[in-house]
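To start, the structure itself, in C-alpha cells.
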C-alpha cells in the first residue's frame, strides 16, 4: 500500500511555543485516517503544514512524495480540504462561493459533470445557494466548504473538523459522502475530536497530544481507549451494585451512571434488564473525555505548572494550536 502522507520528527515552533514536537504520521492510500486530539494538541498546525500554508521548523514531511511547501501548487490540484471554521465573502451568494472555490481546483461552471455533482450535493445537504454569505449560519457556511470540496474529484481529502456546526442529520449525510469517497479509492485524513464520528468512518486512527503522536493503530487496536457512558433512572447508588465491569459509578439527580469499556457494553445489559432499568442511555465518549480519563495526570501537571508561572500562561500558548 502506498504512503500518501508521511511525517518524521516534524516540528513547528512559534518562538518559544512548540506547536509540533517530533510528530510521526503515516497515512496510507485508500484509507480514512482519523487524526484526533483535544483542542491545542497540534492538529490544525499539522494540517497547515500538509497544505503548504505553514513551513515546518524541522523534521521531514511529504505528501505524494512531494514537499508541500515547495510543491504546493501542484499538490493542490490533487487535494481537497475543508477547514473547521469557514469564512465566506459577505456579498457573494453561497452558489457563487462554491463555483469560485471549485474553479480554483480546475472545475468549470458550465461543465456537465461538475454541475451534476454540485446539484446532487446541494440536494443531499439541503442547501439554498441563493442567499448571500453574510446571511449564513455556521452550519451553512460549513456546507459551502463541504460542497465545494466534494464537487470536484480529488485523490486526497484533508478535513479539519468538517462537521463543525452541522446538525445530526447532516452529519449522517457527511458520513455517506465519506463512504462514497473511500469506495472510489480516495484517501482521507479526518481531523476530529468527536470519537463517535471517527468510529463510524475511520480505518486507522492517530491520536496527537502536545505535538506528538500518543497512540496510533486500527480502531480494534485502540479499543482499550474507549469507554461508553451508561445511565438510567434510579433511586440511589445501590442500583449499581453487582453490575460487572463498570467504572466510575455515581448517582445524581435521580439517575445512576457509570462508564464501561465499549467492547463490554453487551455484558452489562443483562444486569440492567434484571433491574428493569428505565430511561436507559448509552453514549460513546467524546475524545476530549477520553483524554481527560487517560491523560488526566499529565493535564493536572500542566495546570500546576501554569499556576506556578502565573495566570497569563495558558495551555494553548504552551503547546500551540
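The values are calculated or read from the model by the stated rules, or taken from the named source; none is laboratory data. Computed from a prediction, not measured in an experiment: that's the story for all the values here. Using ideal geometry, Cβ is built from the backbone for each residue, glycine included, and neighbour counts are taken over all protein chains shown.
Worth pointing out:
- Scanning the stretch 128-143 for residues that are touching a residue at least 24 places away in the same chain (Cβ under 8 Å) and within 14 Å of residue 91 (Cα to Cα) returns 129, 130, 131, 132, 133, 134, 136, 141.
- Some residue of the stretch 130-139 being out of contact with any helix residue (DSSP H, G or I) (no Cβ under 6 Å at 6 or more places or on another chain), within 26 Å of residue 198 (Cβ to Cβ) and surrounded by 15 or more Cβ atoms within 10 Å (Cβ to Cβ): yes
- Selected residue (only one of 20, 88, 101 is touching a residue at least 40 places away in the same chain (Cβ under 8 Å), in a helix (DSSP H, G or I) and either touching a helix residue (DSSP H, G or I) at 6+ places or on another chain (Cβ under 8 Å) or assigned by TED's automatic domain parsing to the domain that holds residue 216 (or both)): 101
- For the stretch 75-91, the set of residues classified as surrounded by 12 or more Cβ atoms within 10 Å (Cβ to Cβ) and touching a strand residue (DSSP E or B) at 6+ places or on another chain (Cβ under 7 Å) consists of 75, 78, 79, 80, 81, 82, 83, 84, listed by residue number.
- Taken over the stretch 202-246, the criterion of being on the phi > 0 side of the Ramachandran plot and in contact (Cβ under 8 Å) with a residue 40 or more places away in the chain is satisfied by 210, 211.
- Here is the figure for the stretch 30-69: residues that are under 24 Å from residue 1 (Cβ atoms), under 20 Å from the mean Cα position of the chain (by Cα) and in a loop (DSSP other than H, G, I, E, B) total 3.
- Scanning the stretch 154-178 for residues that are surrounded by fewer than 19 Cβ atoms within 10 Å (Cβ to Cβ) and over 20 Å from residue 127 (Cβ atoms) yields a single hit, 155.
- Among the candidates 189, 122, 146, 150, the residue that is outside any helix (DSSP H, G or I) and surrounded by 16 or more Cβ atoms within 10 Å (Cβ to Cβ) is uniquely 189.
- Selection count, the stretch 163-173, where residues are assigned to a helix (DSSP H, G or I) and touching a strand residue (DSSP E or B) at 6+ places or on another chain (Cβ under 9 Å): 0
- Whichever residue in the stretch 198-232 is part of a strand (DSSP E or B) and exposed (fewer than 15 other Cβ atoms within 10 Å of the Cβ) and, among such residues, is modelled with the lowest pLDDT: 218
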